[in-house]
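> Sharing a structure with you now.
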Amino acid sequence: MTWLITGGAGYIGSHVVREMAVREAVVVLDDLSTGRPERLPQDVPLVVGSVLDGELLDRVLAEHAVTGIVHLAGKKQVAESVERPLYYYRENVDGLRVLLEAAAAAGVRRFLFSSSASVYGMPDVDLVTEETPCRPLSPYGETKLAGEWMVAAAGKACGMATASLRYFNVAGAASEELGDDGVFNLVPMVFERLTGDEAPRVFGADYPTPDGTCIRDYIHVADVASAHVETARRLVQDPAARLVLNVGTGRGASVTEMIDVILEVTGRTGVAPVIEARRPGDPARVVASVDAIRRELDWSARHDVRAMAESAWAGWCLKHGQPVST
Ligand code: WQD
């Protein structure tokens, strides 16, 4: 097998590349809009370009004799998607359509799509299963749900084994140079406040949860990467696979619990977070049921929130040129 990994120079993509390249031939396509070539192992070829470029895709799939695709390229900021919905539809939906057309024309028979827990919107269940109704609250979530439909329909029509992996809240780094460059999620946002000598912010402490703050299922990016390896293996074994799976830990952590762990890891236990207003559109609780992925792939997450916070902090310190303090 030779796998094309789109978005392979990004935060999650580079972790997937690192894991998959251990056993398989891998080629990366990335437009480097947020990805960095230094994230890639030296022996992995990088093609710089967009999934919207059908001619480039035809060439890459033929030249590298690609037999499977892992598609992670895409835009992933919820707030930006509200401001620029058509940009998100172009990049995430049109981009996927062009890629699927090229894949079908080249006879690619395995396709793994990077989806998101944002397809669920505001679920009112303790554990979200893959059967929980999908009601995305943002254009970003809509593009992921439309993507899942397109992948399944094209797979069925073209005889392609397919999988959509719904990531929950991804954090951490497998090594410090692979840390998340973005400051759009809780963990890096808390680091940014702390390194600026400001108190971390809690967006709402009046939710119907035990400590009043929102609960999420935080998953280590190294676990997300290992889930891709297992899914890819399954797609090879089962040419008729049509998987849609949550990728989480099955355990929830509140914002307060996460901030406490981060304060410990960064050696700032005296700092008191400030409570601010709720952020519009935040569900009180989103935690994965992991029964399906355990059953289908015999996979489960290994890392806890402390490992996520520690590794994310090491990555943050490297990027910002400061020694790792604890
Ligand atoms: C987590 C919790 C915030 C910062 C989003 C997408 C989702 C997925 C991951 C890609 C919330 C609270 C945050 C801060 C806070 N992305 N918070 N203080 O919103 O659960 O999920 O990113 O696929 O699709 O929707 O993640 O990390 O932004 O927030 O209190 O300084 O932390 O309100 O409750 P979210 P997040």
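> Somewhere in region 264-282, is a residue out of contact with any Cys (no Cβ under 6 Å at 6 or more places or on another chain), closer than 30 Å to Glu230 by Cα, more than 16 Å from the ligand (Cβ to nearest atom) and modelled with pLDDT of 95 or more?
no
> Another question, then. Restrict the check to region 230-242 and report whether at least one residue is in contact with a Leu (Cβ under 6 Å, 6 or more places away or on another chain), open to solvent by less than 30 Å² (accessible area, probe 1.4 Å) and outside any helix (DSSP H, G or I).
yes
> Would you mind telling me which numbered condition in (1) in a loop (DSSP other than H, G, I, E, B); (2) open to solvent by 20 Å² or more (accessible area, probe 1.4 Å) Gly212 fails?
(2)
> Where in region 1-86 are the helices (runs of 4 or more DSSP H), entirely inside, with at least 2 residues that are at pLDDT 95 or above and open to solvent by less than 20 Å² (accessible area, probe 1.4 Å)?
11-20, 54-63
> Is one or more of the residues making up region 198-213 closer than 19 Å to Tyr120 by Cβ, away from the ligand (no atom under 11 Å from the Cβ) and not assigned by TED's automatic domain parsing to the domain that holds Thr129?
Yes.
> Let me ask something else about it. Only one of these conditions is not met by Val221: (1) surrounded by fewer than 21 Cβ atoms within 10 Å (Cβ to Cβ); (2) under 14 Å from the mean Cα position of the chain (by Cα). Which number is it?
Just one mismatch for Val221, condition (1).
> To continue, here is another question. Tell me which of these Thr162 doesn't satisfy, since it passes every other one: (1) outside any loop (DSSP other than H, G, I, E, B); (2) farther than 14 Å from Leu243 by Cβ; (3) in contact with a helix residue (DSSP H, G or I) (Cβ under 8 Å, 6 or more places away or on another chain).
(2)
> Would a scan of region 307-319 turn up a residue that is buried (at least 16 other Cβ atoms within 10 Å of the Cβ) and among the charged types (D, E, K, R)?
Yes, region 307-319 contains a residue that is buried (at least 16 other Cβ atoms within 10 Å of the Cβ) and among the charged types (D, E, K, R).
> Go over the candidates Val290, Val324 one by one and state the one that is within 21 Å of Gly141 (Cα to Cα), surrounded by 13 or more Cβ atoms within 10 Å (Cβ to Cβ) and more than 16 Å from the ligand (Cβ to nearest atom).
The match here is Val290.
> Answer with yes or no whether Arg166 is closer than 29 Å to Arg295 by Cβ and surrounded by fewer than 24 Cβ atoms within 10 Å (Cβ to Cβ).
Judged against the criteria, Arg166 is not a match.
> Further, regarding this structure: Using the structure shown, decide if Arg234 is away from the ligand (no atom under 14 Å from the Cβ) and touching a residue at least 24 places away in the same chain (Cβ under 8 Å).
yes
> What's the total number of residues in region 146-188 that are near the ligand (Cβ under 10 Å from one of its atoms) and more than 17 Å from the chain's Cα centre (by Cα)?
Total satisfying the criteria: 0.
> Another question about this same structure. Which residue out of Pro139, Pro123 is free of Cβ contacts under 8 Å to residues at least 60 places away in the same chain and open to solvent by less than 50 Å² (accessible area, probe 1.4 Å)? Full working, then the answer.
Numbers: Pro123 fails: free of Cβ contacts under 8 Å to residues at least 60 places away in the same chain.
When all the criteria are applied, what remains is Pro139.
> Any residue at all in region 308-318 that's at pLDDT below 95 and over 20 Å from Ile215 (Cβ atoms)?
no
The values are calculated or read from the model by the stated rules, or taken from the named source; none is laboratory data. It should be emphasised that the depicted structure is a prediction, and the values quoted were computed from it without experimental measurement. Every residue, glycine among them, receives a Cβ derived from its backbone with ideal geometry; neighbour counts consider all protein chains shown. Just so you know, the surface numbers come from the protein's heavy atoms only, side chains and all, with ligands and any DNA or RNA stripped out. Shrake-Rupley method; radii C 1.70, N 1.55, O 1.52, S 1.80 Å.
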